[in-house]
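Undergrad: Below you will find the structure I want to go over with you.
The values are calculated or read from the model by the stated rules, or taken from the named source; none is laboratory data. It should be emphasised that the depicted structure is a prediction, and the values quoted were computed from it without experimental measurement. Heads up, the Cβs are rebuilt from the backbone with ideal geometry, glycines too, and the neighbour counts pull from every protein chain shown.
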Amino acid sequence: MDIDLTLRAKEFASKDPFPMMGFGPIEWWVGNAFMTAQAFRALLGMEIVGYAGPETGVRDRSSYLLKSDQIRFIVTGCQDGDHEIAEHVKLHGPGIKDVGFLVPDAVHAHAMAVERGAESYREPVKIENDRGRMVIGAIRTYGETVHSLIELEGEDPRFEERTDTIARPTGLHAVDHVVANVELGKMNEWVGFYEKIFSFTMLRHFDDEAISTEYTALMSKVMAGGNGIIKLPINEPADGKKKSQIEEYLDFYKTPGVQHIAMSTDDLQTTISDIHGRGLETIYVPHEYYPEAKERLAGIDLDWDNLEAESILVDKDDDGYLLQTFSKMLQDRPTVFFEFIERRGATGFGVGNFKALFESIEREQAKRGNL
Ligand code: FE2
């Protein structure tokens, strides 16, 4: 954390009842951390900047720290079949275990969350070496997922430093939002959880009228904290004629969890063209989407041929417009995927694209025999 952030945190503390400076590292629990780290480096251009494992004195697991500008991923696998990470992967497949938040005082934040009713996952500990100083504790949230509360000065002291001379960045800048899928009928309970534990507020609400296609429906509420820097949409399935993508997720992940991580870029068309060239597939947007989108975005000068060639979606709201697209599933099970987003003023989530997006997802679901 640099001085600027510390000052900002102090400023927040005076206004915000649960100050946060942004997303901390997002940790994946996977079957093969080495290969996952290689894939994120090759496909997304993330740099591998740290390692912890048997060679550095951590006997039971191997973790890689990856970064792209402000984004930090940790990918962790284990050394033994009866380890809790192996059990987690066996039951859920690869997935996201920990969505970290950066806080100005981790001991205080953890104590406050627990006092407000959160279940502690890890009591705060201090880790300090010549690379940096960290205080980290964690609380439980939906499913098996946890939120680490992290106070950090300097580099993450849990990792041995690596210099990555191979990664070629694709312009991914920051985590824009992290979306949870929760059980049928539980969305409001989790909205209440984020209000009560972290003093988050509801930014937006999409009902099943807004988010439905001929076949499937879902409801979503967007919770925000850290003065709006942290955005966590929460989805629950709604009744549709066929199985919704949220139900499909819950069937395969076997518990609520993170559905997608949205990462921002300042130039989505360049980023996506680069990512496509590396072999990461994104969802297919049919030709019919574009005449309708042109009408919605009338008066805005866009390179529509390029947007269609790269299957990029466009939407506008009261504040501006945005470009977005979505990766296909990142593992064998239909659970977690990425969103790539460029905001040109817009603060929304692309509600005008939900129908086109879900129809695209349904085509994939139908191929899997899960619709
Ligand atoms: Fe999203």
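Undergrad: Quick check on the range 341-349. Is at least one of its residues in contact (Cβ under 8 Å) with a residue 24 or more places away in the chain, farther than 28 Å from ILE26 by Cβ and more than 16 Å from the ligand (Cβ to nearest atom)? Break it down into steps so the answer makes sense when it comes.
TA: Just the residues of the range 341-349 that are in contact (Cβ under 8 Å) with a residue 24 or more places away in the chain, to begin with: 341-349.
Restricting the remaining residues to those that are farther than 28 Å from ILE26 by Cβ gives none.
No, every residue in the range 341-349 fails to be in contact (Cβ under 8 Å) with a residue 24 or more places away in the chain, farther than 28 Å from ILE26 by Cβ and more than 16 Å from the ligand (Cβ to nearest atom).
Undergrad: Filter the strands (runs of 3 or more DSSP E) completely within the range 307-371 down to those with at least 2 residues that are out of contact with any helix residue (DSSP H, G or I) (no Cβ under 8 Å at 6 or more places or on another chain) and surrounded by fewer than 22 Cβ atoms within 10 Å (Cβ to Cβ).
TA: On the way: elements: 313-317, 320-326, 337-344.
Per the criteria, 320-326, 337-344.
Undergrad: Then there's this: How do the strands (runs of 3 or more DSSP E) wholly within the range 90-197 filter down when requiring 1 or more residues that are within 16 Å of the ligand (Cβ to nearest atom) and surrounded by fewer than 22 Cβ atoms within 10 Å (Cβ to Cβ): which remain? Lay out the reasoning, then the answer.
TA: Working: elements: 95-102, 120-128, 132-140, 146-154, 172-181.
Result: 172-181.
Undergrad: Looking at (1) within 17 Å of MET329 (Cα to Cα); (2) assigned to a loop (DSSP other than H, G, I, E, B), which one does LEU250 not meet, given that it meets all the others?
TA: Status for LEU250: all satisfied but (2).
Undergrad: Quick check on the range 350-370: of everything there that is more than 20 Å from the chain's Cα centre (by Cα) and within 16 Å of the ligand (Cβ to nearest atom), which residue is farthest from LEU280 (Cα to Cα)?
TA: Taking the range 350-370 and keeping what is more than 20 Å from the chain's Cα centre (by Cα), we get 352, 355-356, 359-360, 362-370.
Cutting the leftovers down to within 16 Å of the ligand (Cβ to nearest atom) gives us 352, 355-356, 360.
Numbers: GLY352: 25, LYS355: 23, ALA356: 20, SER360: 17 Å.
That would be GLY352.
Undergrad: Please indicate, with yes or no, whether at least one residue in the range 262-270 is surrounded by fewer than 22 Cβ atoms within 10 Å (Cβ to Cβ), within 16 Å of the ligand (Cβ to nearest atom), among the β-branched types (Val, Ile, Thr) and under 17 Å from the mean Cα position of the chain (by Cα).
TA: no
Undergrad: Taking the conditions exactly as written (charged (D, E, K, R), within 21 Å of the chain's Cα centre (by Cα) and surrounded by 18 or more Cβ atoms within 10 Å (Cβ to Cβ)), does GLU248 satisfy them or not?
TA: On the way: charged (D, E, K, R): yes; within 21 Å of the chain's Cα centre (by Cα): yes; surrounded by 18 or more Cβ atoms within 10 Å (Cβ to Cβ): yes.
It is true that GLU248 is charged (D, E, K, R), within 21 Å of the chain's Cα centre (by Cα) and surrounded by 18 or more Cβ atoms within 10 Å (Cβ to Cβ).
Undergrad: Applying the selection to the range 277-287, what residues are over 25 Å from PRO25 (Cα atoms), away from the ligand (no atom under 15 Å from the Cβ) and surrounded by 15 or more Cβ atoms within 10 Å (Cβ to Cβ)?
TA: VAL285
Undergrad: Based on this model, can you work out whether PHE338 counts as within 12 Å of the ligand (Cβ to nearest atom) and either under 20 Å from ALA180 (Cα atoms) or among the aromatic types (Phe, Trp, Tyr) (or both)? Can you show your working first?
TA: Working: within 12 Å of the ligand (Cβ to nearest atom): yes; either under 20 Å from ALA180 (Cα atoms) or among the aromatic types (Phe, Trp, Tyr) (or both): yes.
For PHE338, the condition - within 12 Å of the ligand (Cβ to nearest atom) and either under 20 Å from ALA180 (Cα atoms) or among the aromatic types (Phe, Trp, Tyr) (or both) - is met.
Undergrad: Report, by residue number, each residue of the range 198-230 that is in a loop (DSSP other than H, G, I, E, B), among the hydrophobic types (A, V, I, L, M, F, W, C), crowded, with 20+ Cβ neighbours inside 10 Å and away from the ligand (no atom under 13 Å from the Cβ). Talk me through it step by step, then tell me what you get.
TA: We begin by selecting, within the range 198-230, every residue in a loop (DSSP other than H, G, I, E, B); these are 199-200, 207-211, 213-216, 229.
From what is left, the residues that are among the hydrophobic types (A, V, I, L, M, F, W, C) are 200, 210-211, 229.
From what is left, the residues that are crowded, with 20+ Cβ neighbours inside 10 Å are 200, 211.
Residue satisfying the conditions is PHE200 alone.
Undergrad: Still on this structure: If you scan the range 2-54, which residues turn out to be modelled with pLDDT of 90 or more, of a type in the set (D, E, K, R) and not in a helix (DSSP H, G or I)?
TA: GLU27, GLU47
Undergrad: Is one or more of the residues making up the range 150-158 under 30 Å from ASP266 (Cβ atoms) and in contact with a helix residue (DSSP H, G or I) (Cβ under 8 Å, 6 or more places away or on another chain)?
TA: For the range 150-158, residues under 30 Å from ASP266 (Cβ atoms) and in contact with a helix residue (DSSP H, G or I) (Cβ under 8 Å, 6 or more places away or on another chain): present.
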